[in-house]
Amino acid sequence: MIATIHPSVVSGQLTAPPSKSTMQRACAAALLCGGETILHQIGRSKDDLAALEMIMALGAHTDAVGENSLRIVSKGVQPKENILQCGESGLGLRMFTPIAAISVLPLRMTGAGTLLQRPMHFFDEVLPKLGVSVKSNEGKLPLDIQGPLQPATVEIDGSLSSQFLTGLLMAYSAVNARGVSIHVKDLKSKPYIDLTLEIMAAFGMKMPIKRNYEVFSFEDTSTNTPAPSRSYAVEGDWSGAAFLLVAGAIAGEINVFGLNTASKQADKAILEALYKANAKLNVTPEAIQVSKSNLKAFHFDATECPDLFPPLVVLAAYAEGTSCISGITRLVHKESNRAITLQEEFRKLGVLIHLKGDEMLIEGRNSIQGAVLHSQHDHRIAMAAAVAGLGATGAIAIEDADAIDKSYPHFFEDLKMLGTSVSLSH
């Protein structure tokens, strides 16, 4: 699909899409806790649907309850299939592999698209220490595993992704690990671990004791007895909403509803970046209002929230001066190498981006030219290109724009609701 964005003034209000980070974790918790779970405000992105497919393959039953709710019934991990398809979801693969390893059955973890090329050496190194046999394709998918997982004290590297730790924490909790600890070196994206622990607590799962994000100890000797039924509402997505908020900052005035200002989501940090860029903000518990203003260059550390790089680059492109965003080493193993992709695609708009060590320097411009861009099959690049087009001097066409389906399938419809001139073609 090709999406063409014409220069537009945005105005109005929207409700943030459901958080796929929250939705996927809630699906895993519902599977592991058993009984009946009613999920409200569910997401329908490709990653959300992949998580639902995963828990059904691992034994859960699901059915719709009204328009935006879902019933999940589970008796724990009891695989119905021996090939588990994660789609293109990195979180799905990294979280569900330790969970699937709870079973004694031989299982194959696989995926699609760019996930097939993303490194998974972690499992080759760690799972054998937990009694799980593993065979990978030289550290990539497919991944053949056979449990059952036996919790033990292990040390893991948290520098690539916190998602591996999320899977281990949930799996350890589900099998009532006792007297064992997970030691973590150089943990990145700590807010996502806070989100994992928050959801585990909400579902009544056995909780580890966290020591400075370096040690997670399962010391409680009691058994895990979550309630037989529960209700959980998926909160709004700060990652997707970041693009909407930047759209307001560069091209009009919008109100975004459905965002929890006390959220554990890492990408809530977009508010800090907007303040630093001199955006006009009004934050209330009900809505975030953002209005166009004279944006200034800013410095921002995105190490803990690397998914913010694409919207932050758009913000910096419209700011006066040279902005600096650090943390680009976190961008290599995304749907694309986002640092290189952002540099190459925004150069077509006349925006110069320099990569120096762990920093990205973006030269802001008074005007951004129209061009034809390619998403590189990356949902966040497609959305960044679209928002960049709002204030450009000409139309911006985005090839492979349907990459947005991975996280925010209604993104272009939402932009239209705000008054953006968007045309879609195949």
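Read-outs throughout are calculated quantities, based only on the coordinates presented, and are distinct from any laboratory measurement. Every value quoted in this text rests on a predicted model; they were computed, and no experiment measured them. Every residue, glycine as well, gets a Cβ built from its backbone with ideal geometry; the counts of neighbours run over all protein chains shown.
Output ³J(HN,Hα) for segment 293-307: one whole-Hz value per residue in order, computed from phi by the Karplus curve 6.51 cos²θ - 1.76 cosθ + 1.60 with θ = phi - 60°, and x for Gly and Pro.
Taking θ as phi minus 60°, the curve returns 8, 7, 6, 10, 4, 9, 10, 8, 9, 9, 4, 7, 9, x, 5 Hz for segment 293-307.
Hey, how many Å between the Cα centroid of segment 288-309 and the Cα centroid of segment 1-52?
Answer, in whole Å: 22.
Express in nm, to one decimal, how much length is gained between Lys296 and Tyr275 on full extension, taking 0.36 nm for each residue of separation and deducting their alpha carbon distance.
This chain segment gains 6.6 nm when fully extended.
If amide hydrogens are placed 1.01 Å from N in the peptide plane, which non-local residues have theirs closer than 5 Å to the one on Val215?
Val184
Run down the aspartates and glutamates and flag those whose C-alpha is under 15 Å from the C-alpha of Lys80, throwing out any fewer than 8 positions away in its chain.
Within the straight-line limit of under 15 Å, Lys80 reaches these aspartates and glutamates: Glu53.
Under a plain spin-label model, where a point goes 7 Å from the Cα along Cα-to-Cβ, how far apart in nm are Met417 and Ile209?
Each label point lies 7 Å from its Cα, and together they span 4.7 nm.
In nm, to one decimal, how far is the modelled label at Arg44 from the one at Leu105, with both set 7 Å along Cα→Cβ?
Between Arg44 and Leu105, the simple spin-label model gives 2.9 nm.
Take every Cα-Cα distance within segment 20-222, group them into 10 Å bins from 0 onward, and report for each bin the whole-number percent of pairs it holds.
Each 10 Å bin holds this share of Cα pairs: 9, 39, 39, 12, 1.
Between rounded, prolate and oblate, where does segment 335-382 land on the alpha carbon gyration tensor, with a ≥ b ≥ c its root eigenvalues, rounded for a/c under 1.5, else prolate if a/b exceeds b/c?
It comes out oblate by the Cα gyration axes.
When a/c is below 1.5 the answer is rounded, else prolate if a/b is larger than b/c, else oblate, so apply that to segment 43-87 with a ≥ b ≥ c taken from the square roots of the Cα gyration tensor eigenvalues.
Taking the square roots of the gyration eigenvalues as a ≥ b ≥ c, segment 43-87 is oblate.
Please report the spacing between the Cα centers of segment 356-426 and segment 233-280 in Å, no decimals.
Spelled out, the Cα-based centre of one part sits 17 Å from the other.
For segment 139-146, take each phi angle, set θ = phi - 60°, evaluate the Karplus expression 6.51 cos²θ - 1.76 cosθ + 1.60, and give the result in whole Hz per residue in order, putting x for glycine and proline.
Along segment 139-146, the couplings run x, 10, 6, x, 10, 9, 10, 8 Hz.
Give the cross-link partners of Lys406 among the lysines, using a straight C-alpha distance below 24 Å as the criterion and excluding same-chain residues fewer than 8 apart.
The reachable lysines, counting only those whose Cα sits under 24 Å from Lys406, are Lys20, Lys46, Lys140, Lys188, Lys190, Lys264, Lys268, Lys334, Lys416.
Tell me the label-point distance for the pair Asn176, Asp358, using the 7 Å Cα-to-Cβ offset, in nm and rounded to one decimal.
Result: 4.2 nm between the two label points.
What is the gain in length, in nm to one decimal, between Lys135 and Met1 on full extension, counting 0.36 nm per residue of separation less the C-alpha to C-alpha distance?
44.6 nm
Let me check the size of the chain from its C-alpha atoms; what are the radius of gyration and Dmax in Å?
Reported Rg and Dmax, both Å: 21.3, 64.
Using the Karplus curve 6.51 cos²θ - 1.76 cosθ + 1.60 with θ = phi - 60°, what ³J(HN,Hα) values do you get for each residue of segment 42-53, in whole Hz, with x for Gly and Pro?
6, x, 10, 6, 4, 5, 5, 5, 5, 5, 5, 4
Run the dipole for segment 20-222 about the Cα centre, Lys and Arg Cβ at +1, Asp and Glu Cβ at -1, nothing else charged, and hand back the magnitude in debye, nearest 20.
The calculation lands at about 60 debye.
Can you list residues from other chains, or at least 5 along the same chain, whose modelled amide H is less than 5 Å from the amide H of Ser326?
Phe300, Asp301, Ala302, Met360
Could you calculate the FRET efficiency of Glu344 with Thr225 from 1/(1 + (r/R0)^6), where r is the beta carbon distance between them and R0 is 45 Å, rounded to 0.05?
0.25
Which one, Ser181, Gly258, Ala51, projects farthest toward the positive side of the charge dipole computed for the chain from Cβ point charges (K/R +1, D/E -1)?
Working it through, the farthest residue towards the positive pole turns out to be Ser181.
Would segment 320-426 count as rounded, prolate or oblate if I go by the C-alpha gyration tensor, calling it rounded below 1.5 in a/c and otherwise prolate when a/b exceeds b/c, oblate otherwise?
Oblate shape, in that a/c is at least 1.5 and b/c is the bigger or equal ratio.
So which lysines can Lys75 reach, going by Cα to Cα under 20 Å and dropping same-chain residues fewer than 8 places off?
Lys206
Please give me, ordered by residue number, the trypsin sites (Lys or Arg not before Pro) of segment 153-225 that lie in loop per DSSP and have at most 15 other Cβ atoms within 10 Å.
When the trypsin sites (Lys or Arg not before Pro) of segment 153-225 are filtered for loop state and at most 15 Cβ neighbours within 10 Å, Arg178 remain.
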